[in-house]
1. What tally of residues in the range 137-153 results from selecting those that are away from the ligand (no atom under 12 Å from the Cβ) and in contact with a strand residue (DSSP E or B) (Cβ under 7 Å, 6 or more places away or on another chain)?
2. Hey, residue 108 hits all of (1) modelled with pLDDT under 95; (2) within 20 Å of residue 160 (Cα to Cα); (3) hydroxyl-bearing (Ser, Thr, Tyr); (4) within 16 Å of the ligand (Cβ to nearest atom) but one; which does it fall short on?
3. Among the numbered criteria (1) surrounded by 14 or more Cβ atoms within 10 Å (Cβ to Cβ); (2) away from the ligand (no atom under 15 Å from the Cβ), which single criterion is violated by residue 101?
4. Out of all the residues in the range 107-155, which are among the polar types (S, T, N, Q) and open to solvent by 60 Å² or more (accessible area, probe 1.4 Å)?
5. How do the pairs read when you match residues in the range 42-55 that are free of Cβ contacts under 8 Å to residues at least 60 places away in the same chain and closer than 21 Å to residue 97 by Cβ with residues anywhere that are more than 8 Å from the ligand (Cβ to nearest atom) and hydroxyl-bearing (Ser, Thr, Tyr), using Cβ under 8 Å and keeping only pairs 6 or more apart or on different chains?
6. Could you identify the single residue in 121, 94, 63 that is more than 11 Å from the chain's Cα centre (by Cα) and within 11 Å of the ligand (Cβ to nearest atom)?
Amino acid sequence: MWEVLKQIAKTGIATETPPVAMEVEASHIHDEILKILGRALTIREIDAGSCNGCELELNALGNLYYNLEGLGIKFVASPRHADMLLITGPISRNMSTALSMTYEATPSPKLVVAVGDCAINGGIFGESYATIGGASKVLNVDYEIPGCPPEPIVILQGILTAVRYKLENRTN
Ligand code: SF4
């Protein structure tokens, strides 16, 4: 017991303090999304062949720093409940049919966002016997978030920009 207490005293608080700028940016993005959509945003994520690096960043987006649920952004299991599809990975040939079926199952108007270099153009995997390259080879992509992988705050900013972009294109 003493050993544990001594170790705790020696180590101190190892967790980082939340980056304030990030919290401010996240809450600003939330206000923008609500202003544009007037309601929560539901997202279906599709890993179409990722190395999982992009998924780790998407997971990190669930960190309390970003307060996603509080911001009205929810990840959902069914494409039928989704406003937006987030696609990661170079599109593997095995996943291309599932990807287009998911797209068809998502109600219109739907927003499609390619997350990471692989979903944009195949990234480091390019095109091969196993992958067909970017998601735009299979469906219409509204917006692209570059990076390998993009940081959570960049993904959040991209989601907001995609919502804005879609709205502008719908009303013009
Ligand atoms: S963009 Fe980078 S991190 Fe994301 S799936 Fe491709 S290789 Fe992995």
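The values are calculated or read from the model by the stated rules, or taken from the named source; none is laboratory data. Every value quoted in this text rests on a predicted model; they were computed, and no experiment measured them. Neighbour counts are summed over all protein chains in view; Cβ atoms, including those assigned to glycine, are modelled from backbone coordinates with ideal geometry. All accessible areas refer to the heavy atoms of the entire protein, side chains included, with ligands and DNA or RNA removed. Shrake-Rupley method; radii C 1.70, N 1.55, O 1.52, S 1.80 Å.
1. Looking only at the range 137-153, we keep the residues that are away from the ligand (no atom under 12 Å from the Cβ), and these are 137-143, 152-153.
Imposing the further condition that a residue be in contact with a strand residue (DSSP E or B) (Cβ under 7 Å, 6 or more places away or on another chain) reduces the set to 139-143.
Result for the range 137-153: 5.
2. For residue 108, the failing item is (4).
3. Result: residue 101 passes all but (1).
4. At the first step, the residues of the range 107-155 found to be among the polar types (S, T, N, Q) are 108, 121, 128, 131, 136, 140.
Those that are among the polar types (S, T, N, Q) and open to solvent by 60 Å² or more (accessible area, probe 1.4 Å): 108, 121, 136, 140.
5. 46/102
6. Values: 94 fails: within 11 Å of the ligand (Cβ to nearest atom); 63 fails: within 11 Å of the ligand (Cβ to nearest atom).
Residue meeting the stated conditions: 121.
Listed here are the residues, each with its yes/no results for (1) on the phi > 0 side of the Ramachandran plot; (2) out of contact with any Ser or Thr (no Cβ under 9 Å at 6 or more places or on another chain); (3) not β-branched (Val, Ile, Thr).
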residue: 122; (1), (2), (3): yes, no, yes
residue: 128; (1), (2), (3): no, yes, yes
residue: 143; (1), (2), (3): no, no, yes
residue: 146; (1), (2), (3): no, yes, yes
residue: 150; (1), (2), (3): no, yes, yes
residue: 154; (1), (2), (3): no, yes, no
residue: 158; (1), (2), (3): no, yes, yes
residue: 163; (1), (2), (3): no, yes, no
residue: 169; (1), (2), (3): no, yes, yes
